[in-house]
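Asker: Submitted below is the structure of interest, expressed as structure tokens.
The values are calculated or read from the model by the stated rules, or taken from the named source; none is laboratory data. Keep in mind that this is a model prediction, so the values were computed, not measured. Every residue, glycine among them, receives a Cβ derived from its backbone with ideal geometry; neighbour counts consider all protein chains shown. Quick note on the areas: whole protein, heavy atoms, side chains included, nothing else; ligands and nucleic acids left out. Shrake-Rupley method; radii C 1.70, N 1.55, O 1.52, S 1.80 Å.
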Amino acid sequence: MQFEGAVLAEGDRGYEPARQAAVWNFRKPDRFPELIVEAQSEQDVVNAVRLAGERGLRVKARAGGHAWSGSSVRSGMLIDLSRLNQVSFDPDSGIATVEPGVKGRDLNGLLAEHNLFFPSGHCPSVGIGGFLLQGGWGWNSRAIGPACMSVVAVDVVTAAGELIHADSQQNSDYWWAARGSGGGYFGVITRFYLRCHPRPTATYTRTDVYSLDDIDEVLGWALEFEPTQPPEFEFAILGTTPTLPDGRTVHDGTALMLMCQSLMYDDGDARAALARLDECPVINRALHREDARQVSFTELYDGPNSVEPEGVRWSADGMWTNAKGAELIEPAKQLFHDVPTPESHIFWYPWRQQQLSDAAISVQGDLYLAAFAGWHDPNEDDHYVAWPTAHMQRMESLSEGIQLADENLRERNARFLTDENAERLERLRAEHDPDGRFHSYLTTSEESW
């Protein structure tokens, strides 16, 4: 078979750099695919799956996301889709056609010419392929739903090496599963067809910082305050050493950093939503407070990018919860007080529960709470890998399940789909990939780190 991109076997020059580059996390898995295919075209993907079938290799694809557990690097064949980064837009249909390696900032840069946007991931380094497959908790998703709900069709290479088109009318099993099944998908998507949305014209941001001494007041107020705001108001609290997008560190040690954005259509509404942050009962004790600052839509990516820098060893775990008041705040306080390194952080993100139909995605809650450990010394891996999972296990009675965005199934095999959807996904896998050509989720029972 002919390939436009490189096909690398273990021992080949370029193999190890390709294996390392397949995981954004600086902590690289001790797993070695037999072949790595650096796809340059859709036909490369077709040929790769057919070659895997001839050689009896299992397949895993990656598009360029964070994938904290490095789940794309497995035995068999790795298909690297990150070079498939073409995007086009049809103004008549309002549909963007996007290859999996496209980054959200690039997609939204193109859509700006049409006064549209897509709820891509908050971090600019994330390829859209994995982001969409795992659900897509992106910009303004609290208002318009997870990004996968705006996937109207996909092009997929099947286990038989056939390229098919899937939507609600044809090959609909592949479309349903593409909307939220994450690493358990039974195919390789080469193209997404995305419904786009009116672009917010009033985009403002504001960051406030509070001492951990004020955690009771800040978290208690946040639980009452956030539901009174419009869903286009993005509200997150990070427990971390607070570094602003311009690089300034405003406090030495862990603090509560409120990162808030208004993504609206009226300047007055956007400014008013952010001005209400002054209602925090301890606003006079804020370590840092700023007025609403207008930014372009693509500049919004700079804030999240400063929180999760490259070149760091990462481990993550999280949960959805519907807990309220002291039932949530008391156990969460221990999490915020236990942040172990300057790069590590806690993510407190209120959510507006959505209607999720015709999609695998099915688990959500009123609030998403996650812990991210960041460190540099490989000799400390065991300690920091265990840290976020230990806290999620401690709080498990409050959990509704997890986001596949931050899945850590290698360490904790937690619920990520409803029972009904999980059962349907496995039935479809058995039907469409009976020989197990594609790897599914990387769980505690499979492969070493």
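Asker: Please work out the C-alpha center-to-center distance from region 48-84 to region 379-449 and express it in whole Å.
Answerer: Result: 18 Å between the Cα centres.
Asker: How large is the direction-averaged shadow of the alpha-carbon convex hull of the chain, in nm²? If you can, show how the numbers build up before the last one.
Answerer: Numbers: hull surface 81.8 nm².
For the chain, averaging the hull's shadow over all directions gives 20.5 nm².
Asker: To the nearest 0.05, how large is the calculated FRET efficiency for residue 252 and residue 306 if R₀ is 25 Å and r is the Cβ-Cβ distance?
Answerer: Computed FRET efficiency for residue 252 and residue 306: 0.90.
Asker: Excluding residue 137 itself, what net charge comes from residues whose Cβ is under 12 Å from its Cβ, given Lys and Arg +1 and Asp and Glu -1?
Answerer: Details: positive: 142, 352; negative: 234, 406.
That sum, taken over residues with Cβ under 12 Å, equals 0.
Asker: What is the Cα coordinate range of region 185-225 on the first, second and third principal axes, sorted by size from largest, in whole angstrom?
Answerer: Reported extents, whole Å, longest axis first: 49, 34, 18.
Asker: Per residue and in cubic angstrom, what volume does the convex hull of the Cα atoms of region 1-106 have?
Answerer: Numbers: hull volume 12.4 nm³, N = 106.
Dividing the Cα hull volume of region 1-106 by its residues yields 117 Å³.
Asker: Continuing with this model, one more query. Under a plain spin-label model, where a point goes 7 Å from the Cα along Cα-to-Cβ, how far apart in nm are residue 55 and residue 334?
Answerer: That separation, rounded to one decimal, is 4.8 nm.
Asker: If the chain between residue 381 and residue 295 were fully stretched, how many nm would it gain, using 0.36 nm times the residue separation less the Cα-Cα distance?
Answerer: 27.2 nm
Asker: So for region 257-335, what are the equivalent ellipsoid semi-axes in whole Å, largest first, each being the square root of 5 times an eigenvalue of the Cα gyration tensor? Don't jump to the answer; show the numbers that get you there.
Answerer: On the way: eigenvalues 131, 93, 39 Å².
Rounded to whole Å, the semi-axes are 26, 22, 14.
Asker: Using the heavy atoms of the protein chains alone and a 1.4 angstrom probe, what is the accessible area of region 68-176 per residue in square angstrom? If you can, show how the numbers build up before the last one.
Answerer: Working: 3240 Å² over 109 residues.
Heavy-atom accessible area per residue stands at 30 Å².
Asker: Now a separate question. Excluding residue 269 itself, calculate the net charge of residues whose Cβ lies under 12 Å from the Cβ of residue 269, where each Lys or Arg counts +1 and each Asp or Glu counts -1.
Answerer: Values: positive: 271, 276; negative: 232, 266, 267.
Every neighbour counted, the sum reads -1.
Asker: Further question: Reachable lysines from residue 60, Cα under 26 Å, same-chain residues fewer than 8 places away excluded?
Answerer: Those lysines meeting the cut-off are 28, 103.
Asker: Also, I was wondering about something else. Report the percentage of all Cα-Cα pairs in region 319-379 whose separation exceeds 19 Å, rounded to a whole percent.
Answerer: On the way: 813 of 1830 pairs.
Result for the distance tail: 44 percent.
Asker: Work out the length of the dipole vector of the chain about its Cα centre, built from +1 on the beta-carbon of each Lys and Arg and -1 on the beta-carbon of each Asp and Glu, and round it to the nearest 20 debye. Intermediate results must be reported in sequence, preceding the final value.
Answerer: Numbers: 38 positive and 67 negative charges, 110 e Å.
In total the dipole reaches around 520 debye.
Asker: Can you give me the solvent accessible area of residue 103 with a 1.4 Å probe, rounded to the nearest 10 Å²?
Answerer: 60
Asker: Let me ask something else about it. Using only alpha carbon pairs under 8 Å that are at least six residues apart, calculate the relative contact order of region 1-99 and give it in whole percent.
Answerer: RCO, region 1-99: 30 percent.
Asker: Let me ask something else. Any lysines with Cα under 19 Å of the residue 324 Cα? List them, leaving off those in the same chain fewer than 8 positions away.
Answerer: Those lysines meeting the cut-off are 333.
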